Amino acid sequence: MVQPLSYQYPDSHVFYRKLKRRYSCIVKGDGVYLYDETRRRYLDAAGGAMVANIGHGVAEIAEAVATQMAGIAYVNGTAFTNRAAEELAAELAEVLPASLRFSYFLCSGSEAIEASVKLARQYWHARGRQSKWKIISRTPSYHGNTLAALSLSGREHYRALYQPLLIDFPRIPAPDSYRHPGCEACTGEALEQEILKQGAETVAAFLAEPIIGSSAGAMVPTKEYYGRVAEICRTYDVLFIADEVLTGMGRTGKWFACEHFQIQPDILVLGKGLSGGYAPLSAVVAREEILAPLAQTSGGFNHAQTYSHTPVICAAGLATVRYLKQHKLVQRCHELEQVFFTKLSRLKEFGVVGDIRGKGLLAGIEFVKDPDTKEPFTRAEKFAERVTDAAFRNGLILWPNTGHVDGVNGDIVMLAPPFIIREEQIEEMVALLERSLDQVATEAQSNCV
């Protein structure tokens, strides 16, 4: 007989993700800080889920959304357009790489990834090359939690439970300059080998985060890697889909991470920082050459979603993009990079810190049992979770990730603070992280006694 749920919230009807955790109720956000109902303050060093790029509590965004709601909250995107969607697309076009001009607005990164895959498939079908349907992605990687997006993700501990439901897309090793510098994955040759193995006539697209997000701890491939990737994609008529859900909208010190490598994706996917967390918003951005065959054949994109191009979410995105421009926050993110990583470098004094990497205000800290051999902690030790829990008790919010080394082991914490963070707040963040690592080390020593 199944025992009744031992639930932490006897008076709540919310289905929480973690059913045995007691959640604090946040009632206010201000800049880089969150405040719960007991007035306890937390420094949001992760920007939530690497979302809050402009900071919490920005009145201009709330006012823009409220104004839009008072005018028109919803129209169906198959029947009408609206000013918020039109103006947001125009604002984005001013900062997007030159060849990317057309934006299709949705609600989440996962569904935008799926839409990008459907777009790639429809493009080749419209071109009369119906055999091209496979999407090659990388391991580790993360592209979303819906079934197709999860099928494309190289995050094995997320995939295991749902394996019977997943599509068997081909995947290649992701570049890892910390553990495997100079290997075929780091040069791009692994992509060519997989295309030849699958048959170029069957491969529609290569999907990758230009700078790998939480699944690999802000791993930054080389410019040469992407130069080779672009060459391979051109040679074999494979589209390049850049997943910039996490890295886009200024997070890495440029509007889009692909700009660091001077690459031009065929399709670019945005989310998270596109609305700064003020509304659920994502986008699929495509070149005119991708849309033209659709217009000439079926007449449109064979993809419908209830809230596509919705005025309210587009108004949040429009206000966010304008705020980023007005306050020069992408430039600020770039300028803070040196201070950010210089202060984080103090963490190398802890023997468990193997690597600190990233760009702009996106950093991954990889923990290892032995910095010389780079041996990871075993999954049973739950090191990333212990650091994250200690930080939470100290009023610091981090984002943990595990399993990047071999699908099971590997411990990382991610930092992605709002772009408005000040130097003294970066110092506070690092000091709290140092205190947390000290506490975890002390707990470990006590357990060994």
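The values are calculated or read from the model by the stated rules, or taken from the named source; none is laboratory data. The model shown is predicted, which means the values in this text are computed figures rather than measured ones. In this analysis, Cβ positions are derived from the backbone assuming ideal geometry, glycine residues included, and neighbour counts consider all displayed protein chains. To get the accessible areas, we keep the full protein, side chains included, count just its heavy atoms, and leave off ligands, DNA and RNA. Shrake-Rupley method; radii C 1.70, N 1.55, O 1.52, S 1.80 Å.
Fully extending the segment from residue 264 to residue 69 would add 66.6 nm, taking 0.36 nm per residue of separation and subtracting the current Cα-Cα distance.
Among 227, 248, 31, whose mean-square fluctuation peaks in a Gaussian network model of the chain (Cα, cutoff 10 Å)? The residue with the greatest mean-square fluctuation here is 227. Among 39, 393, 129, which one shows the biggest mean-square fluctuation in a GNM of the chain, springs joining Cα atoms closer than 10 Å? Greatest mean-square fluctuation among the candidates belongs to 39.
Based on the alpha-carbon gyration tensor of the stretch 256-337 and its eigenvalue square roots a ≥ b ≥ c, which shape applies: rounded if a/c is under 1.5, prolate if not and a/b is larger than b/c, or oblate? It comes out oblate by the Cα gyration axes.
Just how far, in whole angstrom, is the stretch 129-178 from the stretch 196-234 if you go by their alpha carbon centroids? The distance from the Cα centre of the stretch 196-234 to that of the stretch 129-178 comes to 13 Å. Using a/c under 1.5 as the rounded threshold, could you call the stretch 158-288 rounded, prolate or oblate? The axes a ≥ b ≥ c are square roots of the C-alpha gyration tensor eigenvalues, and prolate needs a/b larger than b/c, oblate otherwise. Judged from the Cα gyration tensor, the stretch 158-288 comes out rounded (a/c under 1.5). Please label the shape of the stretch 197-238 as rounded, prolate or oblate, based on the square roots a ≥ b ≥ c of the eigenvalues of the alpha-carbon gyration tensor (a/c under 1.5 means rounded; beyond that, a/b larger than b/c means prolate, else oblate). Oblate.
Available extension along the chain between residue 231 and residue 101 is 44.6 nm, counting 0.36 nm per residue and deducting the alpha carbon span. Over all distinct Cα-Cα pairs of the stretch 292-360, the Kirkwood formula returns a hydrodynamic radius of 16.7 Å.
If you take the alpha carbon atoms of the stretch 103-221 and fit the smallest convex hull around them, that volume is 117 Å³ per residue.
Each part gets one Cα centre, and for the stretch 276-344 versus the stretch 404-427 those centres are 23 Å apart. Using Cα positions and a limit of under 19 Å, work out the lysines in reach of residue 382, with same-chain residues fewer than 8 apart set aside. Here the lysines satisfying the reach criterion relative to residue 382 are 18, 20, 369, 374.
Of the solvent-accessible surface of the chain, computed with a 1.4 Å probe over protein heavy atoms with every protein chain present, carbon and sulfur atoms account for 53 percent. Full extension of the segment from residue 196 to residue 393, taken as 0.36 nm per residue of separation minus the current Cα-Cα distance, would add 65.8 nm. Each residue of the stretch 349-365 was assigned a 3J(HN,Hα) from its phi angle through the Karplus curve 6.51 cos²θ - 1.76 cosθ + 1.60 (θ = phi - 60°); the sequence is 5, 7, x, 8, 8, x, 8, 10, 9, x, 8, x, 10, 10, 9, x, 10 Hz, with glycine and proline shown as x. Rounded to the nearest Hz, the phi-derived 3J(HN,Hα) couplings of the stretch 269-280 under the Karplus curve 6.51 cos²θ - 1.76 cosθ + 1.60 (θ = phi - 60°) are 10, 10, x, 6, x, 4, 10, x, x, 7, 6, x, where x marks glycine and proline. Simple spin-label estimate for residue 39 and residue 380 gives 4.6 nm between the two label positions (7 Å along the Cα-to-Cβ direction from each Cα). The Kirkwood radius of the stretch 74-169, taken over pairs of alpha-carbon atoms, gives through the Stokes-Einstein law at 20 °C and 1.002 mPa s a diffusion coefficient of 137 µm² s⁻¹. In this structure the amide hydrogen of residue 396, modeled in the peptide plane, comes within under 5 Å of the amide hydrogens of 43, none closer than 5 places in sequence on its chain.
For the options 258, 25, 333, a Gaussian network treatment of the chain with springs between C-alpha atoms closer than 10 Å singles out 25 as fluctuating the most. Once mean projected area of the Cα convex hull in nm² is worked out from the coordinates, which option in (i) 26.8; (ii) 23.8; (iii) 21.4 does it equal? Evaluating mean projected area of the Cα convex hull in nm² on these atoms matches (ii).
Solvent-free Debye calculation, one equal scatterer per alpha-carbon of the stretch 56-97: log10 I(q)/I(0) at 0.28 Å⁻¹ equals -1.00.
I need the calculated FRET efficiency for the pair residue 62 and residue 306, taking r as the beta carbon distance and R₀ as 25 Å, to the nearest 0.05. E(calc), rounded to 0.05, equals 0.55. For the stretch 332-449, the alpha carbon convex hull comes to 99 Å³ per residue, rounded to a whole number.
Solvent-accessible surface of the stretch 34-93, taken per residue with a 1.4 Å probe and all protein chains present: 52 Å². Residue 195 sits among other residues whose Cβ lies under 15 Å from its own Cβ, and their net charge, with Lys and Arg +1 and Asp and Glu -1, is +1.
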